[in-house]
Amino acid sequence: MANEIPTKGILKTEALKHYILETSAYPREHELLKELRKATVQKYGNLSEMEVPVDEGLLLSMLLKITNAKNTLELGVFTGYSLLSTALALPEDGRITAIDIDKEAYEVGLEFIKKAGVDHKINFIHSDGIKALDQLVKDKKEFDFAFADADKSNYVNFHERLLKLVKVGGIIAFDNTLWFGFVAEDEEGVPEHMREYRKALIEFNKKLALDTRVEVSQISIGDGVTLCRRLV
């Protein structure tokens, strides 16, 4: 099918991916996250691949707890799987500023967020990412943790703004930085609709590797998550 999104995962075999999910991820998945995942597939079909995988959601949840994050930022929400994962991980007085241009998709997940009793932790901003980030910078907001999963062509621009918003020692996580494994393949073998982001992410990964303002770790979970710890 034209413009179909590949299945996330860069593991050697589908069997290994299945093993990880069945053994370690699905048994730990919150029931409402499971329901949201199924509702997303039902409504969006193949586009549901845009949500974070279950094992990645568990990683984000653990990171938030390890860092004792209380005030977080999420750029790119879709139906809110990572948003609900975050809300469940944060303490009762934790807060999330969530930004997305697609309010309809967010409202799909809002039902499950309310069922979980964590909707009071979320401030949803219906806006373009750059515009919203600029306003947050202007308002001198500060965050402990940020998760970026929006327009990959703007990751470089997001990064510069997030460095002004996330505190020194805080974490910025960029999703999809290995782009279904296509960053390591010749362009000719990449579906045309995936090439623009592939090119943008290759350049972004190079820039991050040389950025002395952050400590970087690129993790091969999902289709790549890069963690940046702000140093200065």
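Structure summary
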item: Leading residue by the ranking (most open to solvent (accessible area, probe 1.4 Å)) among those in the range 130-150 that are charged (D, E, K, R) and more than 17 Å from Gly224 (Cα to Cα); result: Lys140
item: Qualifying residue in the range 182-202 (condition: under 27 Å from Ile66 (Cβ atoms) and not aliphatic (A, V, I, L, M)); result: no
item: Among the residues listed as Lys65, Lys121, Lys34, Lys103, the single one being over 27 Å from Leu162 (Cα atoms), at pLDDT 95 or above and basic (Lys, Arg); result: Lys34
item: Residue selected from the range 214-232 under the condition loosely packed, with under 14 Cβ neighbours inside 10 Å, at pLDDT 95 or above and not hydrophobic (A, V, I, L, M, F, W, C), by the criterion nearest to the chain's Cα centre (by Cα); result: Ser217
item: Complete set of residues in the range 3-57 that are within 18 Å of Ile113 (Cβ to Cβ), out of contact with any Gly (no Cβ under 8 Å at 6 or more places or on another chain) and outside any helix (DSSP H, G or I); result: His30, Glu51
item: Test: residue in the range 32-55 that is polar (S, T, N, Q) and surrounded by fewer than 18 Cβ atoms within 10 Å (Cβ to Cβ); result: yes
item: Residues being of a type in the set (A, V, I, L, M) and surrounded by 12 or more Cβ atoms within 10 Å (Cβ to Cβ) - total across the range 1-31; result: 6
item: Any hit, the range 109-129, residues being within 25 Å of Ile5 (Cα to Cα), open to solvent by less than 50 Å² (accessible area, probe 1.4 Å) and of a type in the set (Val, Ile, Thr); result: no
item: Pairs with Cβ under 7 Å, 6+ apart, first in the range 192-219 and without any contact (Cβ under 8 Å) to a residue 60 or more places away in the chain and within 15 Å of Ser153 (Cβ to Cβ), second surrounded by 14 or more Cβ atoms within 10 Å (Cβ to Cβ) and among the small types (Gly, Ala, Ser); result: Glu196/Ser153; Tyr197/Ser153; Ala200/Ser153
item: Matching residues, the range 183-197, being surrounded by 14 or more Cβ atoms within 10 Å (Cβ to Cβ) and more than 17 Å from the chain's Cα centre (by Cα); result: Val183, Val190, Pro191, Met194, Arg195
item: Candidate set from the range 151-182 (those that are open to solvent by 30 Å² or more (accessible area, probe 1.4 Å) and either small (Gly, Ala, Ser) or modelled with pLDDT under 95 (or both)); member that is nearest to Ile130 (Cα to Cα); result: Ser153
item: Residues of the range 162-182 satisfying the condition of being of a type in the set (Val, Ile, Thr) and under 19 Å from the mean Cα position of the chain (by Cα); result: Val166, Ile171, Ile172, Thr177
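Okay, residues lined up against (1) in contact (Cβ under 8 Å) with a residue 60 or more places away in the chain; (2) part of a helix (DSSP H, G or I):
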position: Lys65; (1), (2): no, yes
position: Glu74; (1), (2): yes, no
position: Phe78; (1), (2): yes, no
position: Ser85; (1), (2): no, yes
position: Asp93; (1), (2): no, no
position: Val108; (1), (2): yes, yes
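Yes/no matrix, rows are residues, columns are (1) over 22 Å from Gly94 (Cα atoms); (2) of a type outside the set (D, E, K, R); (3) in contact with a helix residue (DSSP H, G or I) (Cβ under 6 Å, 6 or more places away or on another chain); (4) without any contact (Cβ under 8 Å) to a residue 12 or more places away in the chain:
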{"site": "Asn123", "(1), (2), (3), (4)": "no, yes, no, no"}
{"site": "Asp128", "(1), (2), (3), (4)": "yes, no, no, no"}
{"site": "Ala132", "(1), (2), (3), (4)": "no, yes, no, no"}
{"site": "Asp139", "(1), (2), (3), (4)": "no, no, no, yes"}
{"site": "Glu142", "(1), (2), (3), (4)": "no, no, no, no"}
{"site": "Ala150", "(1), (2), (3), (4)": "yes, yes, yes, no"}
{"site": "Ser153", "(1), (2), (3), (4)": "yes, yes, yes, no"}
{"site": "Glu160", "(1), (2), (3), (4)": "yes, no, no, yes"}
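The values are calculated or read from the model by the stated rules, or taken from the named source; none is laboratory data. Being a predicted model, the structure only gives us computed values, none of them experimental. Glycine also receives a Cβ, built like all others from the backbone with ideal geometry; neighbour counts cover every protein chain displayed. Areas reflect the complete protein model, heavy atoms only, side chains present, ligands, DNA and RNA absent. Shrake-Rupley method; radii C 1.70, N 1.55, O 1.52, S 1.80 Å.
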